[in-house]
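> Take a look at the following structure, please.
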Amino acid sequence: MEYDVKVISDIVNKVISACQSEDSLVPVGVSNRHIHLSQEDVETLFGPGYTLTKKKELMGGQFACNECCTIVGLKLRAIENVRVLGPARKSTQVEISYTDARKLGIAVPVIDSGDIAASAPIAIVGPKGAVYCKEGCIVAARHIHMSPADAEKAGVSDGDYVSVKMENDRGTIFEQVKIRVDESFTLEMHIDTDEANAADIKSGDKVVIVKRYK
């Protein structure tokens with residue numbers, strides 16, 4: 001029996017490509033505006049001795065809370081019913097999108113979650129009180145959560161950066177996507193609602209890693 005070498009080669013290349021793509025696929029989680037609170041601010045907003053209550057489990061030991069607050073910008077423009085995430089942190093942080101920032105009338109930097117130095121001021125209003133944060137409001141830089149096994153499979157390490165592509169009608173490529181690795185993480189890329197809407201992405205869609213660099 002004679003075989004067409006070109007046909008076989010094409011099939012093998014397609015299989016290899018498909019396998020490589022499958023290894024590089026990352027589910028997307030679209031992150032809406034939310035608040036992380038210190039315990040001190042939890043008690044100011046909800047009352048002395050108050051403990052946040054769990055609504056939904058998230059990765060890394062975090063959870064969406066039943067509690068919501070109102071955030072207020074410098075021009076007294078407000079957004080209501082912003083979800084609090086628990087557990088309480090060392091420092092209060094508010095994560096919003098650029099669209100939210102324009103509504104609030106504030107200039108907000110794009111920085112890594114947890115890095116609030118030189119971030120924007122914001123006020124938070126709860127049912128029992130209010131807090132004014134001189135810093136803490138950010139647009140979170142896009143990133144990918146990975147377990148160590150996921151990182152090894154993808155050929156990346158904690159702190160590396162990758163480019164990813166959404167292969168839909170918009171054909172969007174996201175650059176400078178930071179890798180975050182921890183045993184408690186589930187594989188997921190986090191982008192905000194502005195990025196998701198521009199690229200026609202919803203939670204659960206998958207992107208493919210197309211470039212890795214340190």
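The values are calculated or read from the model by the stated rules, or taken from the named source; none is laboratory data. Remember, it's a predicted structure, so these values are computed and weren't measured experimentally. Virtual Cβ from ideal backbone geometry, glycine too; neighbours counted across all protein chains shown. Surface accessibility is based on the protein's heavy atoms, side chains included, excluding ligands, DNA and RNA. Shrake-Rupley method; radii C 1.70, N 1.55, O 1.52, S 1.80 Å.
> Which condition breaks for LEU104 when tested against (1) without any contact (Cβ under 8 Å) to a residue 40 or more places away in the chain; (2) of a type in the set (A, V, I, L, M); (3) surrounded by fewer than 21 Cβ atoms within 10 Å (Cβ to Cβ)?
Here LEU104 clears every test but (3).
> If you don't mind, there's one more thing I want to ask. Might you let me know whether segment 185-194 holds any residue that is open to solvent by 40 Å² or more (accessible area, probe 1.4 Å) and among the aliphatic types (A, V, I, L, M)?
Taking every residue of segment 185-194 in turn, at least one turns out to be open to solvent by 40 Å² or more (accessible area, probe 1.4 Å) and among the aliphatic types (A, V, I, L, M).
> Considering PRO87, PRO48, which residue is assigned to a strand (DSSP E or B) and open to solvent by 50 Å² or more (accessible area, probe 1.4 Å)?
Values: PRO48 fails: assigned to a strand (DSSP E or B).
Every option except PRO87 fails the conditions.
> Can you tell me which of SER97, SER119 is in contact (Cβ under 8 Å) with a residue 12 or more places away in the chain, open to solvent by less than 20 Å² (accessible area, probe 1.4 Å), in contact with a helix residue (DSSP H, G or I) (Cβ under 6 Å, 6 or more places away or on another chain) and among the small types (Gly, Ala, Ser)?
Numbers: SER119 fails: in contact with a helix residue (DSSP H, G or I) (Cβ under 6 Å, 6 or more places away or on another chain).
Checking each option against the conditions leaves just SER97.
> Give segment 195-214 a look and list any residue that's of a type in the set (S, T, N, Q), touching a residue at least 24 places away in the same chain (Cβ under 8 Å) and either open to solvent by less than 50 Å² (accessible area, probe 1.4 Å) or closer than 21 Å to ALA101 by Cβ (or both), or say none. Break it down into steps so the answer makes sense when it comes.
First, pick out the residues of segment 195-214 that are of a type in the set (S, T, N, Q): 197, 203.
Then drop every residue that is not touching a residue at least 24 places away in the same chain (Cβ under 8 Å), which leaves 203.
None; the set is empty.
> What pairs come out if I take residues in segment 147-163 that are touching a residue at least 12 places away in the same chain (Cβ under 8 Å) and within 15 Å of THR186 (Cα to Cα) and pair them with residues that are part of a loop (DSSP other than H, G, I, E, B) and hydroxyl-bearing (Ser, Thr, Tyr) whose C-beta lies under 6 Å away, six or more apart or interchain?
none
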